[in-house]
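A.B. asks: Handing you a structure now.
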Amino acid sequence: MCGRYVLKTTLQELQQKYGAVPEGTFTIEENYNVAPSLRMPVIVQQGAQRKIDKYRWGLIPFWAKEINSGYSMINARAESLEQKKSYARPFKSKRCVVPVSGFYEWKKSNGEKIPHYITQKSSVLMNFAGLYEEWKPQKEGEAPIKSFTIITTDANDPVSELHDRMPAMLLDEELDIWLDPNNQDTSALKDLLRPWPNDDISFYRVGREVNNARNSGKKLIEPYRDLFS
């Protein structure tokens, strides 16, 4: 799964990497402990134009009666996208890319969960495959909420040392296929949601401060130092 991640980039860098334009006016600040319910940048395609916008992490299905349902939908399993009511519709035409600098995973050891920081060796920004939805409140006058979920797949060999799942990551040259809302070839789309190559992933242990979503700052991704070793 993916329950926390890091984004350290600028709006200008996202525009350059993805050839996208901002949807409205906003800024992007570095965040070393992105947690569910936060509004974070995603890349979507509208017509022939890629857009950058901030959506809420934790997909709220269009049919939901309350916003709280989004808290449990931060991840969507690649194998069952077409079988789940919440994901079948967005998988057809509401796909997004979530830019990520790195993500955290916890390894169970002697009854504890030890946090690790995971990055891609070949790029400073990963392209996580995601889905998005627009939820319209039942109360008149309230603004719609756009939200997203990160798709997960089987872990590759390195990540499997920590967890059996990992985010589905896309090559830059696959983004056109993934983002195109007119592309409804779900079989070909699912082929993109495979484990990332083993030799392009690295990770190391970090401190337990990341366990608290209120903590942030560069110190969270510093390698763990055992003061008693």
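The values are calculated or read from the model by the stated rules, or taken from the named source; none is laboratory data. The shown structure was predicted, so the numbers you read here are calculated from the model rather than taken from an experiment. No Cβ is skipped: glycine too gets one built from the backbone with ideal geometry, and neighbour counts run over all protein chains shown. The accessibility values were calculated without ligands, DNA or RNA, using every heavy atom of the protein model including side chains. Shrake-Rupley method; radii C 1.70, N 1.55, O 1.52, S 1.80 Å.
A.B. asks: When the convex hull of the Cα atoms of the stretch 168-229 is projected onto a plane and the area is averaged over all directions, what value comes out in nm²?
C.D. replies: Value for the stretch 168-229: 7.3 nm².
A.B. asks: Determine, for the stretch 93-207, the count of lysine pairs separated by eight or more sequence positions (or lying on different chains) whose alpha-carbon distance falls under 20 Å.
C.D. replies: 4
A.B. asks: Using amide H atoms built 1.01 Å from N in the peptide plane, name the residues 5+ places from K51, or on other chains, whose amide H lies under 5 Å from its own.
C.D. replies: HN-HN under 5 Å from K51: V21, V44, Q45, Q46.
A.B. asks: Which is farthest toward the positive dipole end of the stretch 48-88 among F62, S80, Q49, measuring Cα position about the Cα centre, with Cβ charges +1 (Lys, Arg) and -1 (Asp, Glu)?
C.D. replies: The Cα lying farthest towards the positive end belongs to Q49.
A.B. asks: Tell me, in nm to one decimal, what length is gained between S72 and S122 on full extension, where the rule is 0.36 nm per residue of separation less the Cα-Cα distance?
C.D. replies: Answer, rounded to one decimal: 14.9 nm.
A.B. asks: Please work out the average accessible area per residue across the stretch 110-229, using the 1.4 Å probe convention, and give it in Å².
C.D. replies: 56
A.B. asks: Still on this model: Which of the GluC sites (Glu not before Pro) found in the stretch 95-157 are in a DSSP loop and have at most 15 neighbouring Cβ atoms, other than their own, within 10 Å? Mind showing how you got there, number by number?
C.D. replies: Working: sites: E105, E112, E133, E134, E140, E142; in loops: E140, E142.
Filter output for the stretch 95-157: E140, E142.
A.B. asks: What size of dipole, in debye to the nearest 20, comes out for the stretch 8-98 about its Cα centre when the only charges are +1 on Lys and Arg C-beta atoms and -1 on Asp and Glu C-beta atoms?
C.D. replies: Using Cβ point charges on Lys, Arg, Asp and Glu, the stretch 8-98 gives about 360 debye.
A.B. asks: Modelling each spin label as a point 7 Å along the Cα-to-Cβ direction, I'd like the Y204/W63 distance in nm, to one decimal.
C.D. replies: Reported label-point gap for Y204 and W63 is 4.7 nm.
A.B. asks: Let me ask something else about it. Would you grab the residues whose amide H sits under 5 Å from the one on M126? Only those 5+ places off in sequence or on another chain, please, with H modelled 1.01 Å from N.
C.D. replies: V100, S101
A.B. asks: Let me ask something else about it. Could you work out the percent of alpha carbon pairs in the stretch 107-171 separated by over 20 Å, rounded to a whole number?
C.D. replies: The calculated P(r) of the stretch 107-171 puts 49 percent of pairs beyond 20 Å.
A.B. asks: Calculate one ³J(HN,Hα) per residue across the stretch 118-129 by plugging θ = phi - 60° into the Karplus curve 6.51 cos²θ - 1.76 cosθ + 1.60, and present them in order as whole Hz with x for glycine and proline.
C.D. replies: Residue by residue, the stretch 118-129 yields 10, 9, 9, 5, 8, 8, 7, 10, 8, 9, 7, 6 Hz.
A.B. asks: Residue farthest toward the positive end of the dipole of the stretch 1-154, with Cβ of Lys/Arg at +1 and Asp/Glu at -1: which of Y104, Y132, Q12?
C.D. replies: Positive-most Cα among the choices belongs to Y132.
A.B. asks: Which order do H116, H163 take when ranked by solvent-accessible area (1.4 Å probe, heavy atoms of all protein chains), largest first? Provide the component values of the computation, followed by the final result.
C.D. replies: Values: H116 20, H163 50 Å².
I get H163, H116, largest accessible area first.
A.B. asks: Pick from K94, K139, K108 the residue whose mean-square fluctuation is largest in a GNM of the chain, springs joining Cα atoms under 10 Å.
C.D. replies: Taking springs between Cα atoms under 10 Å, the residue moving most is K139.
A.B. asks: Residue by residue, what Karplus-based ³J(HN,Hα) values in Hz, rounded to whole numbers, does the stretch 130-137 have, using 6.51, -1.76 and 1.60 with θ = phi - 60° and x for Gly and Pro?
C.D. replies: Running phi through 6.51 cos²θ - 1.76 cosθ + 1.60 with θ = phi - 60° gives x, 10, 9, 9, 10, 9, 9, x Hz.
A.B. asks: Add -39500 (n - 2.57) for each DSSP H run of 4 or more in the chain, then divide by its residues: what number comes out at 222 nm, to the nearest 500 deg cm²/dmol? It would help to have the intermediate numbers written out before the result.
C.D. replies: Working: 5 runs with 32 residues, N = 229.
Calculated at 222 nm, the ellipticity per residue is -3500 deg cm²/dmol.
A.B. asks: Would you work out the charge dipole size for the chain about its Cα centre, treating the Cβ of every Lys and Arg as +1 and the Cβ of every Asp and Glu as -1, and quote it to the nearest 20 debye?
C.D. replies: That gives the chain a dipole magnitude of about 740 debye.
A.B. asks: Same structure again: For the chain, give the percent of accessible area contributed by carbon and sulfur heavy atoms, probe 1.4 Å, rounded to a whole number. Spell out each step's value before the answer.
C.D. replies: Numbers: 5420 of 11600 Å².
Here carbon and sulfur together make up 47 percent of the probe-accessible area.
A.B. asks: Evaluate the Debye formula for the chain with equal point scatterers sitting on the alpha carbons, no solvent, and hand back log10 of I(q)/I(0) at q = 0.07, 0.08, 0.12 Å⁻¹, in q order, two decimals.
C.D. replies: Result of the Debye calculation: -0.22, -0.28, -0.64.
A.B. asks: How large is the accessible surface of I67 in square angstrom, using a 1.4 angstrom probe and rounding to the nearest 10?
C.D. replies: We get 60 Å² for I67.
A.B. asks: Take N110 and E82, extend 7 Å from each Cα along the Cα→Cβ direction, and tell me the distance between the two endpoints in nm.
C.D. replies: Each label point lies 7 Å from its Cα, and together they span 4.7 nm.
A.B. asks: Determine, for the stretch 1-85, the count of lysine pairs separated by eight or more sequence positions (or lying on different chains) whose alpha-carbon distance falls under 18 Å.
C.D. replies: Summing the qualifying lysine pairs gives 6.
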